[in-house]
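Each remark here refers to the structure printed beneath this line.
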Protein chains: 4
Amino acid sequence: MPLDHTAKGVYVIAPTPFLPDGRIDDASTDRMTDFFLQAGCNGMTILGVMGEAPKLDQGEALDISKRIIRRAGKAQIIVGVSAPGFAAMRALARGAMEAGAAGVMIAPPSTLRTDDQIVTYFRQAVEAIGDDIPWVLQDYPLLFTVQMTPGVIRRIVQDLPSCVMLKHEDWPGLEKISALRGFQADGSLRPLSILCGNGGLFLDFEMERGADGAMTGYAFPDMLVDLVKLSAAGERDKAHDLFDAHLPLIRYEQQFGVGLAVRKYVMMRRGIIGSDAQRRPGSALSARARTEVEYLLGRLGRTDPRARLAPAG
Amino acid sequence: MPLDHTAKGVYVIAPTPFLPDGRIDDASTDRMTDFFLQAGCNGMTILGVMGEAPKLDQGEALDISKRIIRRAGKAQIIVGVSAPGFAAMRALARGAMEAGAAGVMIAPPSTLRTDDQIVTYFRQAVEAIGDDIPWVLQDYPLLFTVQMTPGVIRRIVQDLPSCVMLKHEDWPGLEKISALRGFQADGSLRPLSILCGNGGLFLDFEMERGADGAMTGYAFPDMLVDLVKLSAAGERDKAHDLFDAHLPLIRYEQQFGVGLAVRKYVMMRRGIIGSDAQRRPGSALSARARTEVEYLLGRLGRTDPRARLAPAG
Amino acid sequence: MPLDHTAKGVYVIAPTPFLPDGRIDDASTDRMTDFFLQAGCNGMTILGVMGEAPKLDQGEALDISKRIIRRAGKAQIIVGVSAPGFAAMRALARGAMEAGAAGVMIAPPSTLRTDDQIVTYFRQAVEAIGDDIPWVLQDYPLLFTVQMTPGVIRRIVQDLPSCVMLKHEDWPGLEKISALRGFQADGSLRPLSILCGNGGLFLDFEMERGADGAMTGYAFPDMLVDLVKLSAAGERDKAHDLFDAHLPLIRYEQQFGVGLAVRKYVMMRRGIIGSDAQRRPGSALSARARTEVEYLLGRLGRTDPRARLAPAG
Amino acid sequence: MPLDHTAKGVYVIAPTPFLPDGRIDDASTDRMTDFFLQAGCNGMTILGVMGEAPKLDQGEALDISKRIIRRAGKAQIIVGVSAPGFAAMRALARGAMEAGAAGVMIAPPSTLRTDDQIVTYFRQAVEAIGDDIPWVLQDYPLLFTVQMTPGVIRRIVQDLPSCVMLKHEDWPGLEKISALRGFQADGSLRPLSILCGNGGLFLDFEMERGADGAMTGYAFPDMLVDLVKLSAAGERDKAHDLFDAHLPLIRYEQQFGVGLAVRKYVMMRRGIIGSDAQRRPGSALSARARTEVEYLLGRLGRTDPRARLAPAG
């Protein structure tokens, strides 16, 4: 089923599981896919920054996309196709859609500066991949150094009908959600799904500002599912109670570079993947950092049974 | 008393209080100074980024420095003297020290890239201000875009005896503290006070990694004082309990640009300053954001009486 | 006489002459001012980047402005007032205008990214200095990392009537001049003086694209005067012949950082200033580089007598 | 024959010829290869930035490499293998070497900042491609925003024996060549070929500072061959006379983004390639710019017969 603007809930950002020797870990890929969907995620986004996409070659990227799409059955898989050039972007996008992906995600290259450069880039990207592929606009200025105002996002969305979703991870970003929802209220912006990333660090308030859900890779996506439901049900205090219990770990995961190491470590500890290995260049957790993560898991386990794990090897 | 490497505790980053018309608010400046010192802070750092220093002209900067130094009595005042050129830096540094400052703080200009450029810059800065002024090295890559490795910090500290303190606000930064303390353990780095900034977002673990305290502007510096004491006393769980209760607000304050607006708003609500006005270009809290801050204060008030405030206006 | 949009010719970017010990060299400042005006320059722009403005303190900046304005008599002096904050910008702008400056020049701070941020910044700058001061918009993306499209420049100029001139130094920038002149042809942009900087590297074609003259600091401003006249007179081949003879040196001067050292060295060799000293942090010419400059002067002297200098000390 | 540190002369940076519809133009590729080698170039560097490498997909990159290597016979072909990840870098590097390439070229990713990050990156790159492949270190800070001091280059070269050449295109960069040759004189740096890029804008003096030749894509590589020979023969004045005649066009080609359009246009006009088409995103010459290039060619033709071209279609 192709992605459209009605998408809601949690589309978890999936890491790419590797074996310690650097090869892709197929068994963990399957187990992880099963886990995410059983946890209540509505879909998965693969080959994003956290998926170490640039470290895969073109064949590997398509292979793992096919494997996950096949495994996921009816759940929607979004494939990150950001690339330094349009030829590679097109090849992956067409290949993934043929394999059954629900849509693709595109981030702006870090050289873009002016409003017009940004709008032009996405217009050319859509010409390259074809305007029949639903796609997600990734807005992550802290990482990509590209700043899109709400007005620029509106220009992109209005110009390009195949854009159906915003992966919102500006920081600070609460007012941006309000501005975009305001555009829709005044009729100047068509319907658009907004899912929030940035590690989930502001998801509590982002939902209240009008987001449709989460698209991030926090190691407890099952908690994100609960949070989105509580928030949608108007259970404000309960949503914040749940969020606040996880915030010390969410915050710890939100360390540039190290974050992925934390995330993979916790997923390995939860049994979701077999190894926390990254391809080079990657960052590893120090022994000290591992004890800090264990301490945080221990504290979290007091209120959330999902964090009560068997002692680390 | 001049600053030296034995400094510990909390040196609060002070905002500059303005009246709604943009003039400096002297009465609030006095009240704020009194509050910080009564709250147990060991000192104050003024005219930093959060102090809107670049928005003051040269005369104003020296005037407010003198006022706060006089008011603070024996407490140590550190004056931010970062400037686009050494002439202005020297003028403020010498003026502040003559007025009784304990030391100055210097940040690197955002044009520095290579290790050698960084080391040379600080050598020239010390030549400019004079090597008799104790100074704090500010390491804040996210804002200044200058990346100093532990090795570069060691070169600076070993070369320049008047450098007595590191304002540590790299992110992620836990391993950097461990690396510097490791240098000291192996004898390659002389004693150095390390106080942590970055809004306090990792202060719980930074203390455990060997930091000497905090130098940040979170609107509850009295909480920072407690946290540093608990951590120093080895009360790990109690320290984390206190920290975790404040984390939702610390996190909310940690929004680039908006952060200062949150901080000044909460200080105004606590009666520490009279207005949350900023000089231009500044950022203001939206009505919606104010209700979010009030909600966070309400939740915090359940466990920390300091956050139980009379209803807003 | 205040600056307005009819300004034409050469407004030379003046360096700030220093004595070898770092103090401002008043005698050289006077001699340089006389030289520039006798050479046919219509005005001077002081305290720009090449004027080492950030290395002066506030008092020095105003003092040297007054001295040059007084010395220049009826010639128009433009004072660079770019500053990290509006308080300092206002103080210098008002002071310079009271002393008789023709206008001021403002560059965008390097943190600006989006079109709206840029437009807002200049609006606030004009509010700060007052809308009665004619000002020059400096567009130098290579140095300031701020990219203004022709459309953004139009928004600024149309919004802010006191903006009367563009210091054009985008690179590449020929199409930008054509675009702006096209806006004027279609009635969407009001009259605006365009003077070109960027070391003069494209001045031959910039004049042909519609520029009104030069605002740069090449060490032979007397050549720039001739070139602008030849170009205005439609003497295309003669203009290029003159330009091409100077291009090897113009190109050599166009070295980031080192450029000012070349410029000051040549001016010293021509007897315009007494010393090529810079304040720290500055760059000096190596012995090898000095011989290269001398070689270039020797070659230039074959066709331009102004470059036939007595052998270096 | 594998590349080694004795390489001298001109290794021209080759563009990738496209047909107007965006497909690779094989016939032009062959003609261009023949032209470059008959013009006296010692080798070619393909799939660099000017070769629009990121716009090719993985298969295309390897295909065109094989075609050119086969066509070039004994001439040395260097293949740019810079990639966002090591998997793609390794695949192209091994594939190119198997096809008979003489070596590969690697540029640093723009995220590198500290000296250690840079050194580590190249160490990991060599581990990825294998230490049996001779490679060229590309030093182009203006484009890649990575600044390598002479000391860092020395660390890389001394650590990694398979690094045999520096593509020097720092700007300003003359002192860097002198510094590296000084390191070799004092025995701290092993032999290293230094070929200069940056459009050739400083090639006259770079040769005099000790460079071994040129690696750039100026549309008259046959002139570069002459210049390098004259310079090597100690014919200083003749070398500068030739260089200065071409400098107006070299300068015009040296426009960021537009430069490739100029280059391809002139090559098309010279009959070297069939079309000046670029893949998207690309920049095209305006009609006005084309007349400027024709004017420059006309002027150049007065002294260099190679620039006397039949009138443009």
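Could you list all residues from segment A:208-251 that are in contact with a Gly (Cβ under 7 Å, 6 or more places away or on another chain) and part of a loop (DSSP other than H, G, I, E, B)?
Listed by number, the residues that qualify are A:Met215, A:Thr216, A:Tyr218.
Checking the conditions here, which among B:Val49, B:Val79 is in contact (Cβ under 8 Å) with a residue 24 or more places away in the chain and surrounded by fewer than 22 Cβ atoms within 10 Å (Cβ to Cβ)?
B:Val49
Against the condition modelled with pLDDT of 95 or more, over 18 Å from C:Phe202 (Cβ atoms) and within 11 Å of chain C (Cβ to nearest Cβ), how does D:Asp241 come out, does it pass?
For D:Asp241, the condition - modelled with pLDDT of 95 or more, over 18 Å from C:Phe202 (Cβ atoms) and within 11 Å of chain C (Cβ to nearest Cβ) - is met.
Within segment B:9-33, count every residue that is out of contact with any Cys (no Cβ under 8 Å at 6 or more places or on another chain) and under 17 Å from B:Leu224 (Cβ atoms).
Of the residues in segment B:9-33, 5 are out of contact with any Cys (no Cβ under 8 Å at 6 or more places or on another chain) and under 17 Å from B:Leu224 (Cβ atoms).
For segment B:153-172, check the following and say yes or no: at least one residue is within 25 Å of A:Leu143 (Cα to Cα) and either within 14 Å of chain C (Cβ to nearest Cβ) or of a type in the set (Gly, Ala, Ser) (or both).
Looking through segment B:153-172, none of the residues is within 25 Å of A:Leu143 (Cα to Cα) and either within 14 Å of chain C (Cβ to nearest Cβ) or of a type in the set (Gly, Ala, Ser) (or both).
Of all residues in segment A:185-225, which are free of Cβ contacts under 8 Å to residues at least 24 places away in the same chain and among the charged types (D, E, K, R)?
If the condition is that a residue be free of Cβ contacts under 8 Å to residues at least 24 places away in the same chain and among the charged types (D, E, K, R), then A:Asp186 is the only one that fits.
Within the group A:Gly80, A:Gly103, A:Gly59, A:Gly73, which residue is modelled with pLDDT of 95 or more and more than 30 Å from A:Trp171 (Cα to Cα)?
A:Gly73
Is it true that A:Met148 is within 14 Å of another protein chain (Cβ to nearest Cβ), touching a residue at least 40 places away in the same chain (Cβ under 8 Å) and either surrounded by fewer than 22 Cβ atoms within 10 Å (Cβ to Cβ) or not charged (D, E, K, R) (or both)?
It is true that A:Met148 is within 14 Å of another protein chain (Cβ to nearest Cβ), touching a residue at least 40 places away in the same chain (Cβ under 8 Å) and either surrounded by fewer than 22 Cβ atoms within 10 Å (Cβ to Cβ) or not charged (D, E, K, R) (or both).
Being in a loop (DSSP other than H, G, I, E, B), at pLDDT 95 or above and either within 14 Å of chain D (Cβ to nearest Cβ) or within 25 Å of A:Ala88 (Cβ to Cβ) (or both) is the requirement here; does A:Thr16 meet it?
Taking the combined requirement at face value, the residue satisfies it.
Looking at segment C:59-111, which of its residues are over 20 Å from B:Ala88 (Cα atoms), part of a strand (DSSP E or B) and among the aliphatic types (A, V, I, L, M)?
Result: C:Ile77, C:Ile78, C:Val104, C:Met105.
Check whether at least one residue in segment B:252-267 is in a loop (DSSP other than H, G, I, E, B), away from chain A (no Cβ under 11 Å) and either buried (at least 18 other Cβ atoms within 10 Å of the Cβ) or in contact (Cβ under 8 Å) with a residue 24 or more places away in the chain (or both), and report yes or no.
Of segment B:252-267, the ones in a loop (DSSP other than H, G, I, E, B) are B:254-257.
Filter once more, keeping what is away from chain A (no Cβ under 11 Å): none.
So far as segment B:252-267 goes, no, none of its residues is in a loop (DSSP other than H, G, I, E, B), away from chain A (no Cβ under 11 Å) and either buried (at least 18 other Cβ atoms within 10 Å of the Cβ) or in contact (Cβ under 8 Å) with a residue 24 or more places away in the chain (or both).
Which of the residues belonging to segment A:174-207 are buried (at least 24 other Cβ atoms within 10 Å of the Cβ) and part of a loop (DSSP other than H, G, I, E, B)?
A:Gly197, A:Leu201, A:Phe202
Which condition breaks for D:Arg279 when tested against (1) in a loop (DSSP other than H, G, I, E, B); (2) touching a Leu at 6+ places or on another chain (Cβ under 7 Å); (3) within 14 Å of another protein chain (Cβ to nearest Cβ)?
Among (1) in a loop (DSSP other than H, G, I, E, B); (2) touching a Leu at 6+ places or on another chain (Cβ under 7 Å); (3) within 14 Å of another protein chain (Cβ to nearest Cβ), D:Arg279 violates only (2).
(1) in contact with a strand residue (DSSP E or B) (Cβ under 6 Å, 6 or more places away or on another chain); (2) within 11 Å of chain D (Cβ to nearest Cβ): which one isn't true of C:Ala179, the others all being true?
Status for C:Ala179: all satisfied but (1).
Out of (1) among the acidic types (Asp, Glu); (2) away from chain D (no Cβ under 12 Å); (3) under 28 Å from D:Arg209 (Cα atoms), the odd one out for C:Asp226 is which?
It fails just one condition, (3).
Every residue in segment D:302-313 that is surrounded by 14 or more Cβ atoms within 10 Å (Cβ to Cβ) and not aliphatic (A, V, I, L, M), please.
The first filter runs over segment D:302-313 and keeps only residues surrounded by 14 or more Cβ atoms within 10 Å (Cβ to Cβ), leaving D:304, D:306-307, D:309.
Across segment D:302-313, the qualifying residues are D:Asp304, D:Arg306.
Is there a residue in segment B:162-172 that is more than 14 Å from the chain's Cα centre (by Cα), surrounded by fewer than 22 Cβ atoms within 10 Å (Cβ to Cβ) and under 23 Å from B:Pro134 (Cα atoms)?
yes
Name the residues in segment C:253-271 that are touching a Leu at 6+ places or on another chain (Cβ under 6 Å) and more than 20 Å from C:Ala310 (Cα to Cα), would you? Full working, then the answer.
Applying the first criterion (touching a Leu at 6+ places or on another chain (Cβ under 6 Å)) to segment C:253-271 yields C:254, C:261, C:265, C:269.
Listed by number, the list holds a single entry, C:Gln254.
Within segment B:90-118, take every residue that is over 18 Å from the mean Cα position of the chain (by Cα) and under 15 Å from B:Ser162 (Cβ atoms) and give me the one that is farthest from the other protein chains (Cβ to nearest Cβ).
B:Met97
Can you say whether B:Pro84 is surrounded by fewer than 21 Cβ atoms within 10 Å (Cβ to Cβ), over 25 Å from A:Phe256 (Cα atoms) and at the interface with another protein chain (Cβ under 9 Å from one of its Cβ atoms), as far as the supplied structure shows?
Answer is yes for this residue.
Taking segment D:40-71, which residues are among the small types (Gly, Ala, Ser), within 23 Å of D:Ala277 (Cβ to Cβ) and more than 14 Å from chain A (Cβ to nearest Cβ)?
Scanning segment D:40-71 gives a single hit, D:Ser65.
Residues in segment B:263-278: is at least one modelled with pLDDT under 95, of a type in the set (A, V, I, L, M) and closer than 26 Å to A:Gly173 by Cα?
Within segment B:263-278, none of the residues are modelled with pLDDT under 95, of a type in the set (A, V, I, L, M) and closer than 26 Å to A:Gly173 by Cα.
Within segment D:175-234, take every residue that is under 30 Å from D:Ile273 (Cα atoms) and polar (S, T, N, Q) and give me the one that is modelled with the lowest pLDDT.
D:Asn198
Please state which of the following conditions A:Asp30 fails to meet, knowing it meets all the rest: (1) in contact (Cβ under 8 Å) with a residue 40 or more places away in the chain; (2) in contact with a helix residue (DSSP H, G or I) (Cβ under 7 Å, 6 or more places away or on another chain); (3) within 14 Å of chain D (Cβ to nearest Cβ).
All conditions are met except number (3).
The values are calculated or read from the model by the stated rules, or taken from the named source; none is laboratory data. From a predicted model like this one, the values you see are computed outputs, not experimental measurements. All Cβ positions, even for glycine, are placed from backbone atoms using ideal geometry, and neighbour counts span all protein chains on display.
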